[in-house]
Each structure stands twice: as C-alpha cells, then as structure tokens.
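Asks: Here it is: the structure, laid out below.
The values are calculated or read from the model by the stated rules, or taken from the named source; none is laboratory data. From a predicted model like this one, the values you see are computed outputs, not experimental measurements. Because the Cβ atoms are built from the backbone with ideal geometry, glycine has one as well, and the counts that use them run over all protein chains shown. Surface areas here come from the heavy atoms of the whole protein model, side chains and all, with no ligands, DNA or RNA. Shrake-Rupley method; radii C 1.70, N 1.55, O 1.52, S 1.80 Å.
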Amino acid sequence: MARIFNFGAGPATLPEPVLEQAAAEMLDWRASGMSVMEMSHRGKLFIGIHAEAEADLRDLLSIPQNYKVLFLQGGAAAQFAVVPMNLLRGKTTASYVDSGHWAGRAMADAKRYCKIHIAASSKHANYSYAPKQGDWKVDPESAYVHYTSNETIGGVEFHWIPDTGDIPLVADASSHILSRPLDVSRFGLIYAGAQKNIGPAGMAIVIVRDDLIGHADSRTPSIFDYKVQAESDSMINTPPTYAIYLAGLVFQWLKKLGGLAKMEEINVEKAKVVYDYLDQTEFYRSPVAREDRSRMNIPFTLKNDKLDEAFLKQAQASGLAELKGHRSVGGMRASIYNAMPMAGVKALVEFMRDFEKTNG
Ligand code: PMP
C-alpha cells in the first residue's frame, strides 16, 4: 500500500488510524454482524454511535449546555441559505463580512432572504487580509453578523473572535474547525462542512445557541428547520449515518491525541515550517498579510508562473498531490489540515527547496 501526501482542500486527508479502524469495522461493527452503513438509524446501535459522536464533539469544543449540536446534510453550502431561513426572526437585514470567495457565496444565497449589509470588505486588496474589528460597520438592525472564519481559497484566517455585542455572531468555520480550541459561547451559531477536519463530504455540523432556534420562516422545509432537527436529534429524515460514524472516529482520534490545545500546538508548528520557508525565498510568494495567514490553507505562487505545470507534475511524481490552487486564483495551495502529518509538511518544503535549486 502506498499512501500519498494529499494537500487537497477538501475532501482532504483523514487520519490514518481512523481509516484503519473504519476498514477493520467495515463488515462487522463490534460483533453486530453488520456494517455501520447497514444499521437502522433508529436502532439502539446507531443511536449509541450518534450520541457518542455528539458527546465527544461537545467535550472537544467545551460546547455549553445551551447550545444544540446538529449533524445536517447538504454540506456547508446548504447553510448559506438555511442560516437566514432560521435566524432572521422577523428582521429584514443581516450583516456580512466580505473576506473572499466563501463569504461571497454565503452572501449570494442569503440575498434571496434578506437585505445584505456589508460590514467590512477586503475586496479592494484582492481578499489578502482579514478586515480588522475596528473597520467593521455592523448595521445595528441586523438579525446576525456572518463571517467566514477561515477562507479556504484565499488562505486568510481570523485568529481572533469578533465582538458583535448583542447581535448574534455566525461563523462559517468549515476549513479550520477543530484545528484549535474555540470559545463557543462567543457565537450565536457556528457551521462547518465535514470534509476538511471532520470526516466525509456531504455533512455539515451546526452548533447553535438554543434561544436562536424556533423562529424559522414559515416556508422553511422541516429538514432545514433547526428546531425540528434539534428536537429529533438530527433525525427528521434518515441522517448521513456513515458520515456521523466516521466523524465520531475522528473526534476520538483528536481526544486521544490530547484534544484541541495539543492539535493547535501541532498545527502552529506545521504552518511555521511552510511559512518560514516561504519567507526566506524570492522564488515563491505568499499573497496573504502575515498576521492573517491561515494555518490550514497556504496559497503560494511561483515567481515564474511558466514553471507551474512542471512544479505540479514533479510534486505528484514525488508523492505530493493536489497542490494546484483553486481555479479562481491559480498558483498553488497546500492545505495542511489536522490529519496532515508533519512528515508531509517537511516533504513538501524539501521538494519546494529542491525545485527552487534546480529552476531558480
Ligand atoms: N465554506 C467554506 C469556507 C468552504 O471551504 C467550503 C468548501 N470548500 C464550503 C463552505 C462549501 O462546503 P460544501 O461543499 O460542503 O457545501
């Protein structure tokens, strides 16, 4: 078996022990005689798997009791519309921070439900930084304030939690959730797609303060009504059972590793190896403001973009996959989520150094 180092932005690399455990349990989960995929979602076995996954997530993030945890379908993108469906609560405006591609996608969908007030934007600087709190101008009539706490394509991460006073703060934390401890109590709602730091694609996790649910627009489909889902343990229809099981294994892996403080320590070290290298070469360039650089997604360009193709081809031949930047921005991007081992990061930098030596 030969596993490559996969730097894809999502679906992304998963922890090997998780994949091994899933493989070992594939045909016969704990002497049940069946795969988790074959279990009834209403049966005792799956209800146990689901409850354990939720309990472990609550433990990892120290989620307060007054927050619901939902495992929903439709990925993070469904939440772009589901958030306004549920959180407008009779109001007509929501504030958004325009920090890049994913913030734009969230606004485009929310626009169908309410007026969008742009509280801050880094568009003028090609989305290369995270707008500072002092530059945010939130509409005081907003039902909520939405920001994308890690821009997966731009590689811009908010390393601080905004303060929006009494207006609920909503975060799309898809591409850095579980990469560091997080004070959930500062948020009204946090959502994240699973396929980066959680598990297989197609599922989103929503963590929502309980006073914010129960006010969905009357046209909201029941599968998208947070209150309906909360009251039925995210089982108003058949939930993504296998994705929930795999997420549960990832949560257990994180707990065994030492929790999110330990994970953050490792992520800081990994990101430093790449950025330290980028900072001492002219051959490659990082387009992101230093203080807002993402620990998870590291976009970089080659000074001579005619070498892009050769770089990618040789990287692939060296077992380093999925380094091509998003089609909307070009260049390269190394996504180094929780499950990317330090060995992968070191192999990448070594390859970049060799490529520079040969082509610089
Ligand atoms: N938000 C962010 C920040 C993302 O990175 C992505 C996917 N890359 C999405 C939303 C959309 O997620 P999904 O494809 O699971 O709907």
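Asks: Given the residues 75, 100, 90, which is the only one that is out of contact with any helix residue (DSSP H, G or I) (no Cβ under 7 Å at 6 or more places or on another chain), crowded, with 22+ Cβ neighbours inside 10 Å and on the phi > 0 side of the Ramachandran plot? Outline the logic, then answer.
Replies: Working: 75 fails: crowded, with 22+ Cβ neighbours inside 10 Å; 90 fails: crowded, with 22+ Cβ neighbours inside 10 Å.
Being out of contact with any helix residue (DSSP H, G or I) (no Cβ under 7 Å at 6 or more places or on another chain), crowded, with 22+ Cβ neighbours inside 10 Å and on the phi > 0 side of the Ramachandran plot holds for just one of 75, 100, 90, which is 100.
Asks: Looking only at helices (runs of 4 or more DSSP H) that lie completely in the stretch 255-360, which have at least 3 residues being under 25 Å from residue 101 (Cα atoms) and outside the structural domain of residue 200 (by TED's automatic domain parsing)? Before you say what the answer is, go through the steps one by one.
Replies: Numbers: elements: 259-279, 308-317, 342-359.
Output list reads 259-279, 308-317.
Asks: Determine, yes or no, whether residue 181 is farther than 28 Å from residue 268 by Cβ, more than 11 Å from the ligand (Cβ to nearest atom) and in contact (Cβ under 8 Å) with a residue 40 or more places away in the chain.
Replies: Values: farther than 28 Å from residue 268 by Cβ: no; more than 11 Å from the ligand (Cβ to nearest atom): yes; in contact (Cβ under 8 Å) with a residue 40 or more places away in the chain: yes.
Criteria not met by residue 181.
Asks: Do we find a residue being open to solvent by less than 20 Å² (accessible area, probe 1.4 Å), at pLDDT 95 or above and not hydrophobic (A, V, I, L, M, F, W, C) anywhere in the stretch 65-72?
Replies: We begin by selecting, within the stretch 65-72, every residue open to solvent by less than 20 Å² (accessible area, probe 1.4 Å); these are 67, 69-72.
Adding the requirement that they be at pLDDT 95 or above leaves 67, 69-72.
Checking which are not hydrophobic (A, V, I, L, M, F, W, C) leaves us with 67.
Yes, that holds for at least one residue.
Asks: Another question, if that's okay. Filter the stretch 204-244 for residues that are hydroxyl-bearing (Ser, Thr, Tyr), modelled with pLDDT of 95 or more and open to solvent by less than 10 Å² (accessible area, probe 1.4 Å) and give the result.
Replies: Within the stretch 204-244, just 226 meets the criteria.
Asks: Taking the condition free of Cβ contacts under 8 Å to residues at least 40 places away in the same chain and either touching a Pro at 6+ places or on another chain (Cβ under 8 Å) or within 16 Å of the ligand (Cβ to nearest atom) (or both), does residue 120 pass? Before you say what the answer is, go through the steps one by one.
Replies: Numbers: free of Cβ contacts under 8 Å to residues at least 40 places away in the same chain: yes; either touching a Pro at 6+ places or on another chain (Cβ under 8 Å) or within 16 Å of the ligand (Cβ to nearest atom) (or both): yes.
It is true that residue 120 is free of Cβ contacts under 8 Å to residues at least 40 places away in the same chain and either touching a Pro at 6+ places or on another chain (Cβ under 8 Å) or within 16 Å of the ligand (Cβ to nearest atom) (or both).
Asks: Scan the stretch 133-158 for residues that are touching a residue at least 12 places away in the same chain (Cβ under 8 Å), more than 16 Å from the ligand (Cβ to nearest atom) and not hydrophobic (A, V, I, L, M, F, W, C) and report the count.
Replies: Of all residues in the stretch 133-158, those touching a residue at least 12 places away in the same chain (Cβ under 8 Å) come to 133, 135-158.
Applying the additional criterion that residues be more than 16 Å from the ligand (Cβ to nearest atom) yields 133, 135-145.
Restricting the remaining residues to those that are not hydrophobic (A, V, I, L, M, F, W, C) gives 133, 135, 137, 139-142, 144.
Total satisfying the criteria: 8.
Here is a yes/no grid of residues against (1) open to solvent by 20 Å² or more (accessible area, probe 1.4 Å); (2) not assigned by TED's automatic domain parsing to the domain that holds residue 182:
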position	(1), (2)
2	yes, yes
40	yes, no
47	yes, no
50	no, no
61	no, no
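Asks: Which of the residues that make up the stretch 4-38 are assigned to a loop (DSSP other than H, G, I, E, B), within 30 Å of residue 315 (Cβ to Cβ) and open to solvent by less than 70 Å² (accessible area, probe 1.4 Å)?
Replies: 7, 8, 9, 10, 12, 13, 14, 15
Asks: Conditions first: (1) free of Cβ contacts under 8 Å to residues at least 60 places away in the same chain; (2) near the ligand (Cβ under 9 Å from one of its atoms). Residue 192 passes all but one, so which condition is the exception?
Replies: (1)
Asks: Taking residue 6 as meeting all but one of (1) away from the ligand (no atom under 16 Å from the Cβ); (2) touching a residue at least 24 places away in the same chain (Cβ under 8 Å), write down the number of the exception.
Replies: Answer for residue 6: the failing condition is (1).
Asks: Kindly establish whether residue 329 is within 19 Å of residue 293 (Cα to Cα) and at pLDDT below 95. Lay out the reasoning, then the answer.
Replies: Details: within 19 Å of residue 293 (Cα to Cα): yes; at pLDDT below 95: yes.
When the stated conditions are applied, residue 329 passes them.
Asks: Now for a separate question. Suppose we filter 252, 314 for residues that are touching a helix residue (DSSP H, G or I) at 6+ places or on another chain (Cβ under 7 Å), closer than 17 Å to residue 15 by Cα, surrounded by fewer than 21 Cβ atoms within 10 Å (Cβ to Cβ) and of a type in the set (S, T, N, Q); which single one remains?
Replies: On the way: 314 fails: closer than 17 Å to residue 15 by Cα.
After applying the criteria, what remains is 252.
Asks: Here's a check for you: in the stretch 58-94, which residue that is more than 22 Å from residue 111 (Cα to Cα) and either free of Cβ contacts under 8 Å to residues at least 12 places away in the same chain or assigned to a loop (DSSP other than H, G, I, E, B) (or both) is farthest from the ligand (Cβ to nearest atom)?
Replies: 65
Asks: Which pairs do you get when a residue that is of a type in the set (A, V, I, L, M, F, W, C), found in the stretch 100-116, comes within reach of a residue that is in a loop (DSSP other than H, G, I, E, B), reach meaning Cβ atoms under 8 angstrom, with the pair 6+ apart or on two chains?
Replies: From the stretch 100-116, the pairs are 102/152; 102/153; 102/174; 114/88; 114/91; 114/92; 114/143.
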